[in-house]
Amino acid sequence: MTYVVTERCVNCRYTDCAGECPVEDCFYEIKDPAMLIINPDECIDCAQCVPACPVLAIWPEAEVPEVYEKWTEFNAEHWEEGEPVNECTKALDGARSLDAIKEWEAEQGWEVEDPSEA
């Protein structure tokens, strides 16, 4: 199993998760869309990233909500396009809060439970 960064990270790119990750070259920053993603081959399933993410954008692969399922494949296919991130940096300008993201999800008609390890 691996962990998956979902759409909640898009245009936010908080890096608290990468700062907590004990594995070098596990998190990658991509530009399109602007976010972090996880290299599934490097993830050691430690779960340290999950509670570190301010917008709870990371789930264990087996728990990814149905509305975010496409992000499992997206992480696996696109991490190589990014640059490794191993420490905390400033989030993108205009990064949304968890409350704003949950409000947007509700507007979509989605009921998304937080990751179990949050």
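A few comments on the model shown:
- Distance cut-off 11 Å, percentage of C-alpha pairs in segment 1-41 lying past it: 63
- Averaging 1/r across all pairs of distinct Cα atoms in segment 50-118 and inverting the result yields a Kirkwood radius of 13.8 Å.
- Axis of helix 98-107 versus longest Cα principal axis of the chain: the two differ by about 50°, to the nearest ten degrees.
- Å² of accessible area per residue within the chain, as computed with a 1.4 Å probe and no ligands counted: 53
- Fraction in percent of alpha-carbon pairs per bin - 10 Å, segment 2-118: 15, 53, 30, 2
- Between the alpha-carbon centres of segment 1-48 and segment 64-117 there is a gap of 9 Å.
- MRE, 222 nm, helices only [DSSP H, n ≥ 4, -39500 (n - 2.57), over the chain, to nearest 500]: -6000 deg cm²/dmol
- Aspartates and glutamates with Cα under 14 Å of K70, excluding same-chain neighbours fewer than 8 positions away: E7, E61
- If the segment from C88 to E73 were pulled out straight at 0.36 nm per residue, it would be longer than the present Cα-Cα gap by 2.9 nm.
- Here the simple spin-label model places points 7 Å from the Cα toward Cβ, and for S97 and E42 these points are separated by 3.3 nm.
- Accessible surface of the chain [probe 1.4 Å, protein heavy atoms]: carbon and sulfur percent: 43
- Net dipole in debye of the chain [+1 Lys, Arg Cβ; -1 Asp, Glu Cβ; about Cα centre; nearest 20]: 400
- With the simple spin-label model, which puts each label point 7 Å out from Cα in the Cβ direction, the W104 to E117 separation comes to 2.4 nm.
The values are calculated or read from the model by the stated rules, or taken from the named source; none is laboratory data. Computed from a predicted structure; not experimentally measured. Glycine also receives a Cβ, built like all others from the backbone with ideal geometry; neighbour counts cover every protein chain displayed. These accessible areas exclude ligands, DNA and RNA; they are computed on the full protein's heavy atoms, side chains included. Shrake-Rupley method; radii C 1.70, N 1.55, O 1.52, S 1.80 Å.
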